[in-house]
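Notes follow once the structure below has been shown.
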Amino acid sequence: MKHVKSITVENLTKIFGNFTAVDNISFDVEQGEIFGFLGANGAGKTTAMKMLCGLLMPTSGTARIAGFDIYKESEKIKRNIGYMSQRFSLYEDLSIIENIDFYAGIYGLEKKEIRNRTNEMLEKLNMKSIKNEMLSSLPLGWKQKLAFSTAIIHKPEIVFLDEPTGGVDPITRRGFWELIYEYAYSGMTIFVTTHYMDEAEYCNRISMMTEGRIAALGTPAKLKSDYNAIDMNEVFIKIAEVKRK
Amino acid sequence: MNTVVEVENITKTYNTTCAVDNINLSVIKGEIFGLVGPDGSGKTTLIRMIASLIKQNSGKIKVLGFDNVKDYKSIRKVIGYMPGKFSLYQDLTVEENLTLFATIYDSDIRTNYHLIEDIYSHLEPFKDRQAGKLSGGMKQKLALSCSLIHKPELLLLDEPTTGVDPVSRRDLWKMLKKLINFGITTIVSTPYMDEAALCDRIALFQNGRILESNSPNEIIGKYENLLYKVKSYNNYLTLQALRRFSNDSLVYPFGESLHLVLEKNDSGIDLIQEYIKKQNIGLVSFELIQPTIEDAFILLMQTKNSEIL
Amino acid sequence: MKKFRVFVWKEFIHIWRDKRTLTILLSMPAILIILFGFAITNEINDAPIGIYDKSKDELTSKITSNIINSGYFKLEEIIKSDDEIIDVFKKGRIKMIIIYESDFESNLTKFNTANIQIISDATDPNVANTLVNYAKSLVNNFIMIEYNISPNFKIDVKMRYNTEMKGSFLFVPGLITILMMLIGAMMTALSLTREHEFGSMEYLLTSPLNSYMIIFAKLIPYLLIALFDIIVILILGTVVFGVIIQGSLLLLMFECLLFIIMSLSLGLLISTVSKSQQVALMISLMGLMLPTILLSDFIFPVSNMPQWLQFITNFIPARWFNTIIKSVMLKGAGIGNIINETLYICGFIVLFLGLSIFNFKERLD
C-alpha cells in the first residue's frame with residue numbers, strides 16, 4: 001500500500017464574506033474505510049466536500065486527498081476520485097452501454113481499456129444481455145448500481161457518494177450497501193455525505209457536522225453509547241440540544 | 001366507526017406505467033394514517049387523487065362522503081394539503097404566506113392560531129423573513145402551518161419530512177400527534193421506515209400496490225420468522241460466509257450489523273454458528289431480536305417477489 | 001372580494017421584490033425608444049462621401065459645397081485619381097462618390113450638357129438608393145436655380161401624414177405594439193407557469209378558491225405596467241421626437257387597453273399549454289415576438305409580401321393593432337375608420353380567453 005491514510009484534513013476552513021461555512025475541521029480517513037460525513041442541510045457538508053474534491057479553494061488549513069495536496073494538485077486529485085450523487089449523473093435517454101462508454105471516455109481511457117472495463121462491469125452487474133436497453137427503462141436499484149459503477153470506472157482510490165440511497169426501497173438499499181462493502185473490502189475508500197441518519201449507520205466511522213464544525217466523530221456504536229442514544233437520529237437530536245444550550 | 005376516507009379498487013396509469021394498481025384502504029377519523037414506501041411506489045399519486053388533484057382511471061374514492069371526481073369542490077373546502085416539494089411563495093415573508101393562505105379560506109391567523117401555535121412559535125421570530133431564505137426544517141414547518149390555518153378536517157401531507165433534519169422532524173411529528181386532540185385526521189406519506197412506527201396505522205407501498213395495511217404493532221406481531229442480529233468485525237466477510245452456508249437464506253446489512261432471517265421452526269442456527277466459527281473471520285455473535293417495520297417490509301417484499309417468480 | 005384583493009396584493013409583492021425584472025419592465029420603453037430613435041434609423045444624416053473633381057472649376061465647387069451644406073452628407077475624402085476609387089470603397093467608410101467630368105462648367109455652357117457620375121456602395125441597397133436620390137435632387141435643384149433652366153415637366157410629391165419622412169412616426173406605434181406583446185403575453189405566461197413549476201398551484205387548486213380569481217388577480221399588475229409603459233412611450237415620442245398625436249387621445253388609450261387585454265389573454269393561453277417557464281418563454285419568443293416584429297407591418301410592409309404571407313398576417317393581432325395605432329396617432333382617424341380592425345382585436349380576445357378557459361384545468365392531469 002502506498003499510504004494508509006486516504007484523506008487527511010487539518011484545520012480546514014472556508015469563509016464566504018463574513019460567513020464561516022467550514023470552521024477549522026480536522027479528520028483522517030483510512031484506506032478502505034467507509035466514512036460517513038453527516039449534517040443537516042446547510043451545516044457545511046457540501047462546502048467541505050467541494051474542497052476535498054478540489055473544486056473549491058480553502059481559506060486556510062491543509063488537506064491531502066489520495067496523497068495529493070488540495071492547493072497544488074487538484075488536477076491529480078480529480079483523476080483519483082470518483083463521484084456519485086443521488087440525483088444520478090447518468091443520461092436517461094442513452095442506453096446502458098452508451099452511458100458507460102461516455103463516462104469511460106471522459107476519463108480519457110484508451111479504446112481497448114474502455115472495452116475491457118465495460119465488459120468487466122457489464123459482467124459484474126449482470127447487465128450483459130440488456131446492455132442496449134435505454135436507461136429510463138431500468139428499475140431504480142439497477143440505475144443506482146450502474147451509476148456507482150460508472151463513477152468508479154477509472155478505478156479511483158476514493159469515491160464520494162452524495163446521499164446515495166435516499167428514497168429507495170429497503171431491499172434495493174441493501175443491495176447497494178453490499179456493493180459498497182465489497183469495494184471497501186477491496187481497498188477503495190468510501191466517503192458518504194448524507195443527511196439521512198439511518199444511512200449513516202452503515203458506515204465504519206461517522207463525523208457529525210453542525211454549523212461548520214465537527215461536533216462528534218467516531219464509530220456509530222461509540223457515538224450511540226457516548227450520547228446514550230438508540231440510533232443516530234437521537235444522537236443528532238442530542239447534539240443539537242447541547243448546541244442550543 | 002367514522003370513516004373519513006374510503007379508497008376502493010383505485011387504479012391510475014400514466015401512459016403505459018401503472019402508478020397505482022387496484023388499491024383499497026380506509027382511514028378512520030382522528031387517526032394518523034401513514035403511506036410508507038420508496039419513491040415511485042404510488043404514495044404521491046394516491047394522495048393527489050384523494051386531494052382531488054388528479055382523477056383515477058377506475059375505482060372510487062370518498063372523502064368525508066364526497067366523491068373525489070364529482071364533488072371535488074366540496075372536498076377542497078374541508079381538506080388541507082401540503083405538496084411534496086416546498087411550494088409556498090419564496091418571495092413572500094413567513095407572515096405574508098400565512099396571511100395569504102388564511103384569507104383563501106375566509107379565515108385569519110388569529111382564529112385557528114392554537115392549532116399551529118407549537119410550530120409557528122419557532123417561526124415567529126423570523127416572520128418578516130422571506131420563505132425562500134428559511135432552512136429546510138423551517139420551510140416545512142411554515143408549509144404545515146399554512147395547510148392547517150383553516151382547520152381542515154382532513155390533512156394530507158406528502159413527504160413532509162423528506163430532507164428535514166432530525167430535530168425539525170421530531171417537532172413536526174409532535175405537532176401531528178397533537179392534532180388528534182382537535183379531531184383532525186391525517187394522511188401522511190413517508191419514505192422513512194422509522195416514521196412508520198409513529199403512525200396509528202400504515203400501508204406499506206411497493207410498485208403501486210399495498211403489501212400490507214395495519215397498525216405497526218400488528219404488522220410486527222404478524223412477523224413469525226426468526227430474526228437474528230449478527231454482529232461481527234467485518235460485515236462483508238460475514239455476509240459472504242452466511243451466503244456460502246446457504247444460498248437461499250435471507251440475510252442483509254442492517255446498519256452496523258447484519259440481519260439473518262430463518263423460518264419460524266428452523267432450528268439450524270446452531271449449525272450456522274458452528275459453520276461461521278470455522279470461517280476464520282473473527283468473533284461473530286448471534287442474537288434473536290424483535291423485528292422492526294423495515295424487517296417486516298423486507299420480508300413482505302421478498303415473499304411478493306418470490307410469488308412473482 | 002377580500003380574497004381577490006389579497007391575491008392582487010400578492011402579485012404586486014412578487015413583482016416588487018423581483019427588482020431586476022421590474023427595472024427592465026419599467027425602463028424598457030425609454031431604452032427602446034432611444035435606441036430606435038437615435039441609433040437605429042433610416043434617415044440620412046452626415047453620410048460620409050467622397051468627391052472626385054476632375055474639373056475643379058467654380059461651378060463644381062459650388063455644387064459640392066451645396067451638397068455638403070445640405071446636412072445629409074459629409075465630405076470624408078477628396079479623391080485624386082481613378083485608382084483611388086476602389087480603395088476608398090474597400091476601406092468601407094465611404095458610402096458614395098461623386099465624380100465630375102473634366103471641363104464640367106465649360107461643357108455645360110458650350111453644349112448645354114455635362115456629366116456627373118455617382119458611384120454608391122450598394123451593400124445596403126435601401127441606403128444606397130436614398131443617398132443617390134438625395135444627391136440627384138440636390139444637384140438638379142442647384143442647376144435649375146443657377147441656370148434658370150425650367151424643365152418640361154414638374155413632379156409634385158407630397159409626403160402626407162409624415163411630411164418630414166421621420167422614422168419616429170413609424171417606430172413609436174411599432175414599439176407600443178411590441179412592448180404590449182412582451183409585457184402582456186410573455187410576462188403573464190411566465191408568471192402563471194411559475195406557479196405550476198414551484199408547485200404552489202397544487203396548494204391553490206386544493207383550496208375552495210375560484211380558479212378564475214387566481215388568474216385575473218395575476219393580470220391586473222401587468223395591465224398597469226403595460227399602461228405605464230404606453231404613457232412613457234407617448235410622452236417620449238411627442239416630447240423628444242416630435243410625434244404629434246392627430247387623433248383622439250381617449251380613443252388611442254382605449255385601443256391600447258383593448259390590445260393589452262388581448263395580449264394578456266394570449267399569455268394566459270400560452271400558460272395553459274406550457275408545462276414549464278422554459279417552454280412558455282420559447283413559445284412567447286419564437287411564436288409571438290418574431291411574427292409580431294416581422295409580420296405586423298412594423299418593419300416589413302405587408303403590402304410587399306407574397307399573397308400567402310399576406311394571408312398569414314391576418315392571424316397576427318399586432319398587424320391589426322399596428323394599423324389602428326398608426327391611423328389614430330398619425331392620421332387622426334376616428335373609431336369609424338378603424339372599426340374593422342377593432343373588431344378583429346375583440347375577436348382575438350374572445351378566442352384566446354375562450355380557449356384558455358377551455359384549456360384551464362381544475363386538476364393536475
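Readers should treat all values here as calculations from the given coordinates under stated rules, not as data from a laboratory. In this text, all values refer to a predicted model and were calculated from it rather than measured experimentally. Methodologically, a virtual Cβ is constructed for each residue, glycine included, from the backbone with ideal geometry; neighbour enumeration extends over all protein chains shown.
Structure data summary
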| read-out | value |
| --- | --- |
| Neighbour-count order for B:Asp295, B:Asp248, B:Asp71, fewest beta carbons within 10 angstrom listed first | B:Asp248, B:Asp71, B:Asp295 |
| Dimensions in Å of chain B - Rg and Dmax from alpha carbons | 22.6, 73 |
| Ratio of Rg to Rh over the protein assembly as shown (Cα coordinates, Kirkwood Rh, two decimals) | 1.12 |
| Folded to 0 to 90 degrees: helix B:293-308 orientation relative to chain B principal axis, Cα | 70 degrees |
| Distance violations [Cα-Cα > 29 Å] among B:Lys60/C:Lys361; A:Lys5/A:Lys155; B:Lys29/B:Lys127 | B:Lys29/B:Lys127 |
| Degrees separating the helix B:166-179 axis from the principal Cα axis of chain B, which is the longest one | 60 degrees |
| Segment C:187-243-segment A:152-229 distance, computed between alpha-carbon centres (Å) | 49 Å |
| Structure-based [θ]222 nm, chain A - -39500 (n - 2.57) summed over DSSP H runs of at least 4, per residue, nearest 500 | -11000 deg cm²/dmol |
| Between segment B:63-95 and segment C:284-298, the alpha-carbon center distance in angstrom | 39 Å |
| Helix-derived mean residue ellipticity, 222 nm - over chain B, DSSP H n ≥ 4, -39500 (n - 2.57), to 500 | -10500 deg cm²/dmol |
| Segment A:82-155 - convex hull of alpha carbons, volume per residue in Å³ | 79 Å³ |
| Dipole magnitude of the protein assembly as shown about its Cα centre (Cβ charges: Lys, Arg +1; Asp, Glu -1), debye to nearest 20 | 860 debye |
| Residues A:Asp231, B:Asp266, sorted so that the one with the fewest Cβ neighbours within 10 Å comes first | B:Asp266, A:Asp231 |
| 25 Å Cα-Cα threshold exceeded, pairs from B:Lys73/B:Lys151; A:Lys145/B:Lys222; C:Lys218/C:Lys275 | A:Lys145/B:Lys222 |
| Inter-probe distance in nm under a simple model that places probes 7 Å from Cα toward Cβ, at B:Glu153 and A:Arg115 | 7.0 nm |
| Calculated Rg and Dmax of chain A using C-alpha coordinates, Å | 18.5, 61 |
| Angle in degrees between helix B:235-245 and the longest Cα principal axis of chain B, rounded to the nearest 10 | 60 degrees |
| Neighbour-count order for C:Trp16, A:Trp142, C:Trp320, fewest beta carbons within 10 angstrom listed first | C:Trp16, A:Trp142, C:Trp320 |
| Scaled radius of gyration (Cα, divided by 2.2 N^0.38 Å) that segment B:264-309 gives | 1.54 |
| Cα centroid separation - segment B:3-41 against segment A:103-130, whole Å | 41 Å |
